[in-house]
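The values are calculated or read from the model by the stated rules, or taken from the named source; none is laboratory data. Keep in mind it's a predicted model, so treat the numbers as computed, not measured. Please note: Cβ atoms are built from the backbone with ideal geometry, for glycine as well, and neighbour counts cover all protein chains shown.
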């Protein structure tokens, strides 16, 4: 039955979103720790899951144009389970998006802090270069006297 395919796709979507939520939660700690290497590995894993999610969404596309009331389900219970799973998917997606926004905010803060520090280092370097270029640098102290 077509509705069994729909229910299966929704279930797979829920599984992928659950994994994405776990990774998003782990990402919060990694971003907080500032561990770029672990973050890049996690992002690569997330990308694979996002690709799977994209494929599932494409498979779900034909069902979006259907009138939900015209679908023939094996039972009312199957219909309600699929509806409940779809609602849970939306809830998971909202939670993931919230976590992602929090991580983005912390990453932006870290970037801005690093940029400020680099600007400070650059200013010190410029001041040092200017000071050193004002005149010749003597490596020895001249203790001779004209008297």
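Among the conditions (1) over 19 Å from residue 27 (Cα atoms); (2) touching a residue at least 40 places away in the same chain (Cβ under 8 Å); (3) within 23 Å of the chain's Cα centre (by Cα), the only one that residue 113 does not satisfy is (2).
Would you say residue 30 is surrounded by 12 or more Cβ atoms within 10 Å (Cβ to Cβ) and in contact (Cβ under 8 Å) with a residue 40 or more places away in the chain? The answer is no for residue 30. Going by the conditions given, is residue 46 surrounded by 11 or more Cβ atoms within 10 Å (Cβ to Cβ) and touching a helix residue (DSSP H, G or I) at 6+ places or on another chain (Cβ under 8 Å)? For residue 46, the condition - surrounded by 11 or more Cβ atoms within 10 Å (Cβ to Cβ) and touching a helix residue (DSSP H, G or I) at 6+ places or on another chain (Cβ under 8 Å) - is met.
For every residue, the table says whether it meets (1) touching a strand residue (DSSP E or B) at 6+ places or on another chain (Cβ under 8 Å); (2) without any contact (Cβ under 8 Å) to a residue 40 or more places away in the chain; (3) not in a helix (DSSP H, G or I).
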site: 56; (1), (2), (3): no, no, no
site: 69; (1), (2), (3): no, yes, no
site: 72; (1), (2), (3): no, no, yes
site: 81; (1), (2), (3): no, no, no
site: 89; (1), (2), (3): no, no, no
site: 97; (1), (2), (3): no, yes, no
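When restricted to residues that are closer than 30 Å to residue 43 by Cβ, exposed (fewer than 11 other Cβ atoms within 10 Å of the Cβ) and modelled with pLDDT under 95, segment 62-102 contains 2.
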